[in-house]
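Chemist: One structure, as structure tokens, below. Some questions next.
Quick note: the coordinates plus some simple rules give every number you see, no bench work behind them. None of these values were measured; they are calculated from a predicted model. A quick note on method: Cβ atoms are made from the backbone with ideal geometry, for glycine too, and the neighbour counts reach across all protein chains shown.
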Amino acid sequence: MRKLLILICLQFALAAFAQGGEACRVVLGDERFDEYVPHLEGRRVAVFSNQSGIVGDVVTESGFGPHLVDVLISKGIDVRLIFSPEHGFRGIADAGEKVSGETDPQTGVEIVSLYGGKSEASASLDKFDVLLVDIQDVGLRYYTYYVTMCRLMAVCARGEKKVIILDRPNPNGFYVDGPILRTEYKSGVGGLPIPTVHGMTLGELALMANEEGWLEGGIKCDLEVVPCLGYTHGTKYSLIMPPSPNLKDMRAVYLYASTCYFEGTVVSLGRGTDRPFEMFGHPDMKGYSFTFTPRSVPGAKNPPLKDQVCHGVDLGEKPLEEIWNDGINLEYVVEAYRALDMGEAFFGKNNFFDLLAGVGYIREMILEGAGASEIKARWKDEVEDFKARRRPYLLYEE
């Protein structure tokens, strides 16, 4: 499994450079040692990260550069804990899979899994003095890393621990789209009152959550952000590796804003194939020439519609410029809903679609026969309001 992950990462890196290698022109927060290492000397350090915490996103023909944890230890920093998010520290666990604590075999540092709650972090407060955050997010409200970060920030606030975020670019940071999450739909896939695509880096989002009183109980932590250099919100930043097991290339990262909604339906989005989030289909969607069959694979051990032939749509050839211009494209969900003609059953047996959407009206409007453009028009004004509200917290040019 580890060899497969390394191969996928190398393929991801090559694809990133093929798209222009823009990562080479951005200095990441974790590279700016003079800005944060002096604050760590003589203190016990915890790191919130995963496999993406490669210092400077360095990649060569022989592989990736060193991980932040390794660099810190080489500089004599006392790293006591590694906090890991969904998918674990090495990033190979299934979505939603319980990841137990362990010890990092390369450094011997204790790993504490935080996915699914904050109790483990609270229990570890006496083991560290300052928390470093270095993790690659993809800028979508239902991507769980920022939820874990905010929970950690609240824990650190209660324990009077300093939080330093080593900022990274947002690969979807060039636009804002989607409805603002309503309080009644707050969950592990929607932790803040922000649009589906918020267009902010983790550092910017942390500043906003801290100052707007969005952390649990309205508490505020002692927060510092080390910004990137050479990055703007117009930058199309290509990642060097999958940020999680099923976002295997930049096309998936861009389509994720639109195709993740299928997680709350009976339709497969390609988990269990070599290109998840880049297709959609169902065994009963007849009349489509494209087919795929989800299988049990690393990162998707039991995918929806496993071993069933699905008919549907391949988005693998859609030009990236069109995907960028579309933003959130609800036409995919509307098309599948109409093709299956199942009514309410299309959305499965729970409310997960609404949790992903952050509102109930998208599902309701689809059921009423509304088209994608009509639904999208409903959130236009609140997107503009959010963009104005977030402006004081932006660290980079829009």
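Chemist: Tell me which residues come under 5 Å, amide H to amide H, from PHE83 once H is placed; ignore anything under 5 positions away on its chain.
Modeler: Here the answer is VAL47, PHE48, SER49, VAL112, since their amide H atoms fall under 5 Å of that of PHE83.
Chemist: Debye calculation, C-alpha points only, no solvent: report log10 I(q)/I(0) for the stretch 218-273 at q = 0.19, 0.24, 0.29 Å⁻¹, in the same order as the q values.
Modeler: -0.84, -0.99, -1.24
Chemist: Now for a separate question. Using modelled amide H (1.01 Å from N, peptide plane; none on Pro or chain starts), what sits under 5 Å from the amide H of SER52, excluding residues fewer than 5 places away?
Modeler: GLN136
Chemist: Restricting to Cα atoms and excluding each atom paired with itself, what does the Kirkwood estimate give for the stretch 191-235 in Å?
Modeler: Kirkwood hydrodynamic radius for the stretch 191-235: 11.8 Å.
Chemist: Using amide H atoms built in the peptide plane, which far-off residues or other-chain residues are under 5 Å from ARG271 H to H?
Modeler: Residues meeting the amide H criterion: PHE277.
Chemist: Also: When only alpha-carbon atoms are used, what values of Rg and Dmax, in angstrom, describe the stretch 167-277?
Modeler: 15.6, 44
Chemist: Let me ask something else about it. Please work out how much length the chain gains when fully extended from ARG44 to VAL58, using 0.36 nm per residue of separation minus the C-alpha to C-alpha distance, in nm with one decimal. Each step should come with its number before you reach the end.
Modeler: Values: separation 14, 0.36 × 14 = 5.04 nm, distance 2.66 nm.
Separation in residues times 0.36 nm, less the Cα-Cα distance, equals 2.4 nm.
Chemist: Each label point is 7 Å from the Cα along the Cα-to-Cβ direction; what then is the distance between the points at ARG338 and LEU367, in nm?
Modeler: Here the modelled spin labels are 2.0 nm apart.
Chemist: Could you go through the stretch 273-289 in sequence order and give the Karplus-derived ³J(HN,Hα) for each residue, using 6.51 cos²θ - 1.76 cosθ + 1.60 with θ = phi - 60°, rounded to whole Hz, and x for Gly and Pro?
Modeler: With the stated coefficients, the stretch 273-289 comes to 10, 7, 9, x, 6, 10, 7, 7, x, 7, x, 9, 8, 6, x, 9, 7 Hz.
Chemist: Further, regarding this structure: Output the Cα-based Rg and Dmax of the stretch 243-348 in Å, rounding Rg to one decimal and Dmax to a whole number.
Modeler: Radius of gyration, then largest Cα-Cα span, for the stretch 243-348: 12.8, 35 Å.
Chemist: For the stretch 260-353, which GluC sites (Glu not before Pro) are both in a DSSP coil and crowded by at most 15 other Cβ atoms within 10 Å?
Modeler: Within the stretch 260-353, the qualifying GluC sites (Glu not before Pro) (loop, at most 15 other Cβ atoms within 10 Å) are GLU317.
Chemist: Are there trypsin sites (Lys or Arg not before Pro) in the stretch 33-90 that DSSP marks as loop and that have at most 15 other Cβ atoms within 10 Å, and which are they?
Modeler: Of the trypsin sites (Lys or Arg not before Pro), the ones in loops of the stretch 33-90 whose Cβ has at most 15 other Cβ atoms within 10 Å are ARG43, LYS75.
Chemist: Then there is this: Could you work out the per residue convex hull volume over the alpha carbons of the chain, in cubic angstrom? Please report the intermediate quantities before stating the final value.
Modeler: Values: hull volume 52.4 nm³, N = 398.
Spelled out: Cα convex hull of the chain, divided by residues, is 132 Å³.
Chemist: What is the gain in length, in nm to one decimal, between GLU398 and THR183 on full extension, counting 0.36 nm per residue of separation less the C-alpha to C-alpha distance? Before the final figure, lay out each step's value.
Modeler: On the way: separation 215, 0.36 × 215 = 77.40 nm, distance 2.79 nm.
Length difference between fully extended and current span is 74.6 nm.
Chemist: Additional query: Based on the Kirkwood radius over alpha-carbon pairs, what value in µm²/s does the Stokes-Einstein equation return for the translational diffusion coefficient of the stretch 275-329 at 37 °C and 0.692 mPa s?
Modeler: Here the translational diffusion coefficient equals 264 µm²/s.
Chemist: Residue by residue through the stretch 35-51, what is 3J(HN,Hα) from phi via Karplus (6.51 cos²θ - 1.76 cosθ + 1.60, θ = phi - 60°)? Round to whole Hz and write x for glycine and proline.
Modeler: With the stated coefficients, the stretch 35-51 comes to 7, 9, 4, x, 7, 9, 5, x, 10, 7, 10, 10, 10, 9, 6, 8, 4 Hz.
Chemist: Given the pairs LYS186/LYS248; LYS248/LYS301; LYS286/LYS376, which span a C-alpha to C-alpha distance of over 19 angstrom in this model? Mind showing how you got there, number by number?
Modeler: Details: LYS186/LYS248 27 Å; LYS248/LYS301 16 Å; LYS286/LYS376 27 Å.
Violating the 19 Å Cα-Cα cut-off are LYS186/LYS248; LYS286/LYS376.
Chemist: Can you give me the distance in nm between label points at SER296 and THR103, each placed 7 Å from the Cα along the Cα-to-Cβ direction?
Modeler: Here the modelled spin labels are 3.2 nm apart.
Chemist: With θ taken as phi - 60° and the coefficients 6.51, -1.76 and 1.60, list the Karplus ³J(HN,Hα) couplings across the stretch 292-302 in order, rounded to whole Hz; mark glycine and proline as x.
Modeler: 8, 10, x, 10, 6, 9, x, x, 8, 5, 9
Chemist: Based on the mean of other Cβ atoms within 10 Å per residue, sort peptides 45-51, 248-254 so the most packed one is first. Write down the numbers at each step before the final one.
Modeler: On the way: 45-51: 24.6, 248-254: 22.9.
For the peptides 45-51, 248-254, the packing ranking is 45-51, 248-254.
Chemist: Counting only the backbone N, which residues of the stretch 330-369 are under 15 Å from the spot 7 Å out from the Cα of ASP284 toward its beta-carbon?
Modeler: Residues passing the 15 Å test: 336-349.
Chemist: Let me have the 222 nm mean residue ellipticity of the chain computed from DSSP H runs of 4+ only, each contributing -39500 (n - 2.57), with the sum over all residues rounded to the nearest 500.
Modeler: So the calculated ellipticity at 222 nm is -8000 deg cm²/dmol.
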